[in-house]
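Trainee: Once you've had a glance at the structure underneath, I'll fire off some questions.
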Amino acid sequence: MAAARNKQIRHPLFARVYPRINAFAEAHGALEHRRELLAGATGRIVEIGAGSGATFRHYPPEVEQVIAIEPEPRLRALAERAAADCPVPVEIRAGRAEALPVPDASVDGVVASLVLCSIADVPATLAEAARVLRPGGCLYFYEHIRSTRPALARRQRIVNVVWPLLGGGCNLTRNPEPAISAAGFTIERARHFDFLINSRTTPSSPCVIGVARKASSPAA
């Protein structure tokens, strides 16, 4: 398990095309989604799987510092460039979500933006999020999810045979909310919606934006 967590992640093709994918998504609503995701963020933040740094410019002034974790080298280099124009201080660190290079109980928030769909070990990642959060800290999540509509869910399962190979490990058939609850978080709000492209649904349309809080004190 330790070897798997330390294994270097490289998706050179996906890392090259992701800026174009992101620009397309932002033109169809992702900008507003990221602003909604980060609207309540304060204090010190860890962002897991920061990618090219697309979220950085949306952090509100109440955020004191962002520690951005990204394992993929090319995307990490793009994040370094994006950090230069961020309205709040951003520190880029190499690392994996399953083993965050951050001390225990040292941050006020953890941000997961379109990343739990691609991480190999979601329970380990959420356990790490809980570890680095201070009591009462928040997990801010924006994710692709499995559709509750049977026809679209079937399409997702079919497309998902090849989707992870093309999308840097992204899966269309995950539902992160039960895993978030199982990790000891209380989901305070979650908005489910379809991310429409030209007014149409796609296999990647079902999404959720939400906030979950770590317990303020250890369970008895």
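Trainee: Counting just the residues of the stretch 49-98 that are modelled with pLDDT of 95 or more, open to solvent by less than 50 Å² (accessible area, probe 1.4 Å) and part of a strand (DSSP E or B), which one comes out farthest from Ile119 (Cα to Cα)?
Mentor: Of everything passing the filter in the stretch 49-98, Val63 is farthest from Ile119 (Cα to Cα).
Trainee: So which residues in the stretch 20-36 are touching a His at 6+ places or on another chain (Cβ under 8 Å) and surrounded by 15 or more Cβ atoms within 10 Å (Cβ to Cβ)?
Mentor: Correct list: Arg34 only.
Trainee: Just wondering, is there one or more residues in the stretch 13-33 that are at pLDDT 90 or above and outside any helix (DSSP H, G or I)?
Mentor: Checking the stretch 13-33: not a single residue is at pLDDT 90 or above and outside any helix (DSSP H, G or I).
Trainee: Further question: Can you tell me which residue is nearest to the chain's Cα centre (by Cα) among those in the stretch 117-142 that are within 15 Å of Pro178 (Cα to Cα) and at pLDDT below 95?
Mentor: Cys117
Trainee: If I filter the stretch 186-199 for residues that are more than 16 Å from Leu116 (Cα to Cα) and aromatic (Phe, Trp, Tyr), do I get at least one hit?
Mentor: Scanning the stretch 186-199, I find at least one residue that is more than 16 Å from Leu116 (Cα to Cα) and aromatic (Phe, Trp, Tyr), so the answer is yes.
Trainee: Could you tell me which numbered condition Ala105 fails, if it satisfies all but one of (1) among the hydrophobic types (A, V, I, L, M, F, W, C); (2) under 23 Å from Arg191 (Cβ atoms); (3) over 15 Å from the mean Cα position of the chain (by Cα)?
Mentor: (2)
The values are calculated or read from the model by the stated rules, or taken from the named source; none is laboratory data. Keep in mind that what you see is a predicted model, and the values were worked out from it rather than measured. Backbone-built Cβ (ideal geometry, glycine too); neighbour counts: all protein chains shown. Surface areas here come from the heavy atoms of the whole protein model, side chains and all, with no ligands, DNA or RNA. Shrake-Rupley method; radii C 1.70, N 1.55, O 1.52, S 1.80 Å.
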